[in-house]
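Structure first, then comments.
The values are calculated or read from the model by the stated rules, or taken from the named source; none is laboratory data. Because the structure is predicted, anything quoted here is derived from the model rather than measured. Note that each Cβ is placed from the backbone with ideal geometry, even for glycine, and that neighbours are counted across all protein chains shown. To get the accessible areas, we keep the full protein, side chains included, count just its heavy atoms, and leave off ligands, DNA and RNA. Shrake-Rupley method; radii C 1.70, N 1.55, O 1.52, S 1.80 Å.
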Amino acid sequence: MSDAAQPTAAEVRAAAEAVKAAIDRHLDAVERRTGDDDPAVYEAFNSLAAAAEVYDELLYDRYDEVTPFEIPGVDDSLPPYAGPAEPSALSVLIRRDYAVVEPPRLLAQAQRLADIDAGPGADGYTGAVVGTSVHSALGVLFGEYEPDEIASRHKEFGLEEGDSTLWVLAAEALPEPGEWLGAPFEDADPELVVCRFDVSAVFDEEELDEELDEPAAGRA
């Protein structure tokens, strides 16, 4: 970083004072908390994390020094949990994206399955069930295998993994049978998410960028 772009000593000092104030506000919110999910504590935590991050960056840019502590990053993708404390039911929502990178492999695998299903000497079967239709091949593939098996064997089927996510949502009771089948993800309330697991190449890229930006001496 060039000298011209470096923060001033006064800016670093102001950032340090902001961290001190944020610590006081966080402690005050904790002492006054009204429950496990008190929004005041959540907001104070976020403010403290943001202030500490600013101070850490300025301290490093100005003095090439780091703080001896690390505040966990804040997940802004989900609001605070507002579901039942003791859920008696749950919903698991899964999305997985795939790119069709080897259509011939996909078509061959689907045709093989179609041939097995038809069996020898089946009436009216000509052997051209799938043909060159990727749409038909996908229908055969996903009609035969469970999603988890496709995920574990995707390369075998000519597919390439994209992003995926799994949400576990808490509920007081199971919905009525057939109630959500028409729009399965419409009522996915982020405030009911108990845990969430995301897989994306963007996370690997971010980690690589951080490693490339890391100074040789290391940084907390």
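List of remarks:
- Boolean, Asp38 is among the charged types (D, E, K, R) and within 22 Å of the chain's Cα centre (by Cα): no
- Tally, over the stretch 85-119, of residues that are surrounded by 12 or more Cβ atoms within 10 Å (Cβ to Cβ), under 24 Å from the mean Cα position of the chain (by Cα), of a type in the set (Gly, Ala, Ser) and more than 17 Å from Cys195 (Cα to Cα): 0
- Residue in the stretch 187-206 that is most open to solvent (accessible area, probe 1.4 Å), counting only those that are within 13 Å of Leu78 (Cβ to Cβ) and in a helix (DSSP H, G or I): Glu191
- The single condition from (1) assigned to a helix (DSSP H, G or I); (2) at pLDDT 85 or above; (3) over 21 Å from Tyr81 (Cα atoms) that Ser47 fails is (3).
- Lone unmet requirement of (1) outside any helix (DSSP H, G or I); (2) touching a helix residue (DSSP H, G or I) at 6+ places or on another chain (Cβ under 8 Å); (3) in contact (Cβ under 8 Å) with a residue 40 or more places away in the chain for Pro68: (2)
- Contact map, the stretch 184-195: residues that are within 11 Å of Ala171 (Cα to Cα) paired with residues that are of a type in the set (Val, Ile, Thr), Cβ distance under 6 Å, separation 6+ or inter-chain. Pairs shown: Val194/Val168.
- Top-ranked residue in the stretch 1-29 [being more than 20 Å from Phe69 (Cα to Cα) and open to solvent by less than 60 Å² (accessible area, probe 1.4 Å); ranked as modelled with the lowest pLDDT]: Ala5
Quick grid of which residues meet (1) at pLDDT below 90; (2) open to solvent by less than 80 Å² (accessible area, probe 1.4 Å):
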site: Glu149; (1), (2): no, yes
site: Glu161; (1), (2): no, no
site: Phe185; (1), (2): yes, no
site: Gly218; (1), (2): yes, yes
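- Matching residues, the stretch 35-63, being among the charged types (D, E, K, R) and within 18 Å of Val12 (Cβ to Cβ): Glu53, Asp56, Glu57, Asp61, Arg62
- The one condition from (1) touching a strand residue (DSSP E or B) at 6+ places or on another chain (Cβ under 6 Å); (2) among the aromatic types (Phe, Trp, Tyr); (3) assigned to a loop (DSSP other than H, G, I, E, B) that Trp180 does not meet is (1).
- Looking only at the stretch 129-171, and only at residues there that are among the aromatic types (Phe, Trp, Tyr) and not in a helix (DSSP H, G or I), the one that is nearest to Pro104 (Cα to Cα): Tyr145
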